[in-house]
Structure formats: structure tokens, C-alpha cells
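These notes are about the structure you will find just below.
The values are calculated or read from the model by the stated rules, or taken from the named source; none is laboratory data. Quick caveat, the model's predicted, so the values are computed rather than measured. Here the Cβ is made from the backbone with ideal geometry for all residues, glycine too, and neighbour counts use every protein chain on show. When the accessible area is computed, the model is the full protein with side chains, heavy atoms only, and any ligands, DNA or RNA have been set aside. Shrake-Rupley method; radii C 1.70, N 1.55, O 1.52, S 1.80 Å.
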Amino acid sequence: MAIGRKKSRYGMVIDLDRCTGCGDCMVACAAENNVPPAVAQATPRTGITWLRVYRVNNGAAFPGNRTAFIPMLCQQCGNHTPCATVCPQNAVESDAATGIVDQMPQRCLGCRYCMAACPYHARYFNWWDPVWPAGMEKALNPEVSPRMRGVVEKCNFCHGRYHEAKLKAAAAGREEIDPADYVPACVAACPTKAITFGDLADDGSEVKRRSAEPESFRLLAKLETDSKVYYRTSREWVRTLAEGPLVQIEKGARRG
Amino acid sequence: MLRGPIWFAAGFAVMLSAGWLVFPRALYQKSSQPIQFSHRTHAEKAGMKCEDCHSLRADGAFTGIPQVDKCAGCHAAPVGSTADEKLLVDRYVTPNREIPWKVYARQPDNAWFPHAYHVKLAKLACEQCHGGHGKTDSLRAYESNRVSGYSRDFWGASLQPATARTGLKMSQCEHCHDEKGVVTGCIDCHK
């Protein structure tokens, strides 16, 4: 059955000119993937944000001052996936059929080597056991297994939603999923439709077309990780900042 | 002069029996199902098929064990005169309360098993995995592992020899997938 199955390369194009920094995607991501509210002592480094929107600034004086927002998530590297190559537990895998870099938190021993290896700082460690405020546990997503203290987790393109799409296809007797059924939570939540998601291996797909446009680029492209998350902007300063060292995005301004 | 070897043999026997006989029994906690249920009676006397109660929904989700309103369809009043029949009607059907079945086949939270794939695409018969479960007269005691809380085995399974009661292991999933040439990554079965 699945022998000759189609090879997909799921990816996305994030239009930075459309992102208003509202943070809807971050909320939708946490709700979809059972990420609990951060504990009081959590910091940006120790909290868990599979998807995080950074604010960057061009640093110019008043009339010329401009702000942009850069959503950062696992870039789903396809070439020598840095986190997968260093994991001593085989807890990370670059899935051959979908291109999704998949994390198995139940296998993770918590060494955090993958976090050190990840050039995009998109991996997060559970410093505390998850606690949901009373009543909120009713909103947990049964399609996603919660994680425990001591393991690393990250964005996996909402694989719970991927499973649901697969189920729906199987129920209808189809092996291939309908692309319309597989839409990650952040993509569905974005009010400005800044994120285009789809199969990069499908030449007819919107995401493939947009990723090939000259305005599209990838973060830290010189590392040749063949990441599957593209960004696009027509603003030169945003592109220069985003293509540079990651610290520029994290600190919100151009360095030097 | 023989005291040393005798003590050694005695200690060896004690530890061996503790490891082989006592521990495997102590590890599991036995409990009975809330009421007895005969798959055979339902299949033979009522002429029902597996999918009459255990079906796939349109979105591909498996319904598992039916809810009590399904039972109420036939058992609004006791059918027959057994004590369990009376219990079913009085305790569950009349007050419309769900029966707290203990599910032998329940898997850990991070395992994702799509019945739709196995039944619709691979066209496996129920018996291929669940063995003779559908022909049994009564429900066996449920044995849960005191450490993990999971069922000792997935009862009725023909995936493994009847004597191997070790629970369903990932290697058993992989074995069958290998035999049928089904390629899967982690993401295909884990959530």
C-alpha cells in the first residue's frame, strides 16, 4: 500500500509584509499542540514557544523608523538536519515521506544537544512539568500527546492535523491526503493570511510558486540546511536583517 | 563443608523464584469488568457483525466500544434472566450512564493507531489482529501493569503467540509493517 507513496516536502512561505505581529499564530500553535501557559519564573529562553513572533526595527530616527515582525519556528531542514544528526537517542527524524522533522519527546533523554545544534533556536526544553489551569485541561487536543519535564520539543507542522487528514483520506479509501485537509494551526489562524502552506514537491502548489519568487528567501541560507520555511518581503531592510545573523532577529535590530 | 554451597543454592532458588514467579504476578493488578459480556451470544443469537457496534465514522475515527445508548437499542428491558443483564439495565441503561469498560487494547497516549488505514486501505479482517475475541463467551479479568497502568496484553490478539502476554510492543507493529512492505516513519504512528 504505502510502498509507492508520494514523496511530499511540506513547507511554508511567510509573507513578512503581511504579518502585523498580532500573535494569533502563537496562541493557535500553543492551543493546538498542548503547550501549557508558561510558569511565572519562565523567561523567553526557558518558556516554550514552538512558534515565536520577533519584532525587529530598522533603527532609524523618527520619521523613518520602521518595525517588522518575523515569525520563527522550526525550519524543517532537509539537508543534514542538524538536530537529527546530533541526537544520540534517534528521537529526531527527518520523515522521508513528508519532509517533516519529527520529534519523539518520549524518546528524548534531555541532553539538549539538538538545541545547541539548531541554527534557528527553534527547539525548546521542558524545564517544568506541564500544568494547565483548572478547567483548561478540557481544551486539550487529544490528537497531540503532552510532553513531560526533561524533554525537548518543537514545531512539527501540526502533525496531529496531518494525522486527521490521513484518517479522512483513508476513510474515503484514498491513500493520498487532500491538501485542503492539512492546514497547520498557525496558517489557519493568521488573520492576514501571511502564511502559505503546502507541498513544495508539488509543482502546481501555491507554496511552490511563491517560494520560487525573487522576493522569497530562507534564513541562514548559507548554511545550506535546505530549510522548508521561506520568508518573503519587498522591504530591503527587513530582508537584509532577516538574512543576517540570527541574533539580529532575536535582538530586534541590525547589528553594527 | 557443604554449608556454603547449600546456602548458595538456597539463595539462588529463592531469588530465581522471586524473579520468575512472584514478580511477574505482583507486577499486575487484576480487576474484573463492570459487567460480563458475551461476544458469542451477540454474534450467534443476535446475528450481529463486528461493525454493527465497532464502526468507523465518516471522518475516519474508530468508535471503539459503543456507548450505552447502543446497548439500550435492544436492552431497554432485560433480555434473559442473568444477574449481569439486570445489572446492565438497572445500573447503566435506565439511568443512561456509560459503562466504565476497561479496554484491553488501549495504547499509550503517544501511539496513534488508525483503524481506517488498516481496515479500509490494507483491508485487514478484524480477526487478523483481534483473533478470536469476537467468539468468546465472557470477558477475562483485566490486568493492568502497576507501573505503567496499561493492560497486560491486548486480549484476543493473534499478532503474537497466545503464551506471550507481554503487551503490544512497537516491534510487533514493525514486524507486520515489514512483512507487508509498508514504509513508515516515526510520525506515521506517533503523535
In the protein assembly as shown, carbon and sulfur make up what percent of the accessible area (probe 1.4 Å)?
58
Please average, across the residues of B:114-121, the number of beta carbons from any other chain that are within 10 Å of each residue's own beta carbon, and give a whole number.
6
Between the stretch B:1-57 and the stretch A:199-242, the Cα center-to-center distance that results, in Å
57
Considering protein heavy atoms only and a 1.4 Å probe radius, which residues within the stretch A:156-190 exhibit an accessible-area decrease of no less than 50 Å² in the full assembly relative to the chain by itself?
A:HIS163, A:LYS166, A:LEU167, A:ALA170, A:ALA171
Normalised alpha carbon radius of gyration of chain A [divisor 2.2 N^0.38 Å]:
1.01
Using the beta-carbon distance between B:SER81 and B:GLU51 and R0 = 30 Å, what value does 1/(1 + (r/R0)^6) give for FRET efficiency, to the nearest 0.05?
0.55
For chain B, what is the mean residue ellipticity at 222 nm derived from helices alone (per DSSP H run of n ≥ 4: -39500 (n - 2.57); sum divided by total residues; nearest 500 deg cm²/dmol)?
-8000 deg cm²/dmol
Go through A:79-85, A:203-209 and give me the packing order, highest mean Cβ count within 10 Å leading.
A:79-85, A:203-209
Given the protein assembly as shown reduced to its alpha-carbon atoms as identical point scatterers, what log10 I(q)/I(0) does the Debye formula return at q = 0.08, 0.12, 0.13 Å⁻¹?
-0.60, -1.10, -1.23
Using alpha-carbon coordinates alone, the radius of gyration and Dmax of the stretch B:30-145 in Å work out to 15.1, 42
From the Cα trace of the stretch A:118-167, what convex hull volume per residue do you get, rounded to a whole Å³?
98
Tell me the angle of helix B:3-17 to the major Cα principal axis of chain B, expressed in degrees between 0 and 90 and rounded to the nearest ten.
10
Sum -39500 (n - 2.57) across every DSSP H segment of at least 4 residues in chain A, then divide by the residue count to get the 222 nm mean residue ellipticity, nearest 500.
-5500 deg cm²/dmol
Report A:LEU140's accessible area, 1.4 Å probe, all protein chains in place, as a number in Å² to the nearest 10.
60
Might you list the cysteines of chain A that have no disulfide-compatible partner by the rule of another cysteine's Cβ under 4.7 Å?
A:CYS19, A:CYS22, A:CYS29, A:CYS77, A:CYS87, A:CYS108, A:CYS111, A:CYS118, A:CYS158, A:CYS190
Quick one: accessible area per residue over the protein assembly as shown, 1.4 Å probe, rounded to a whole number of Å²?
55
Given charges at Cβ of Lys, Arg, Asp, Glu: the stretch A:10-255 dipole, positive-most of A:ILE177, A:VAL152, A:MET12:
A:VAL152
Rounded to the nearest 10 Å², what accessible area does B:ARG91 have for a 1.4 Å probe in the complete protein model?
110
For the protein assembly as shown, what proportion of DSSP beta bridges, expressed in % and rounded to the nearest 5, is antiparallel?
85
Across the stretch A:181-256, what fraction of all alpha-carbon pairs, as a whole percent, falls in each successive 5 Å bin from zero upward?
3, 14, 20, 24, 21, 13, 5, 1, 0, 0
Please give the total accessible area that chains A and B bury against each other, computed with a 1.4 Å probe and expressed in Å² to the nearest 100.
2400
Across the residues of B:175-188, average count of Cβ atoms on other protein chains within 10 Å?
5
So what J values fall out for the stretch A:197-208 if you push phi through Karplus, 6.51 cos²θ - 1.76 cosθ + 1.60 with θ = phi - 60°, rounded to Hz, Gly and Pro as x?
10, x, 9, 6, 7, 9, 5, x, 7, 4, 5, 5
